[in-house]
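All of the numbers you see were taken from the coordinates with simple rules; none came from a lab. Bear in mind the structure is a predicted one, so any value in this text is a computation, not a measurement.
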Ligand code: SF4
């Protein structure tokens, strides 16, 4: 189960800078590669808009 980024994302890039595995890529909103995410939660803690949460 990987973390996912919702459309509350404002594309600030904060999460990309803190992810230890490089799972996050840039776009209109940022995106997490579920095959690379290790579920650490670092990005969710860092996100200023609370856009990142564990996937279901
Ligand atoms: Fe990266 Fe951890 Fe966020 Fe997964 S949960 S995208 S490994 S910072």
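Rounded, prolate or oblate: which fits the chain when a ≥ b ≥ c are the square roots of the eigenvalues of the alpha-carbon gyration tensor, with rounded for a/c under 1.5 and prolate only if a/b beats b/c? It is rounded, given that a/c, with a ≥ b ≥ c, falls under 1.5. Extension gain, residue 33-residue 8: 0.36 nm per intervening residue step, less the Cα-Cα distance, totals 7.2 nm.
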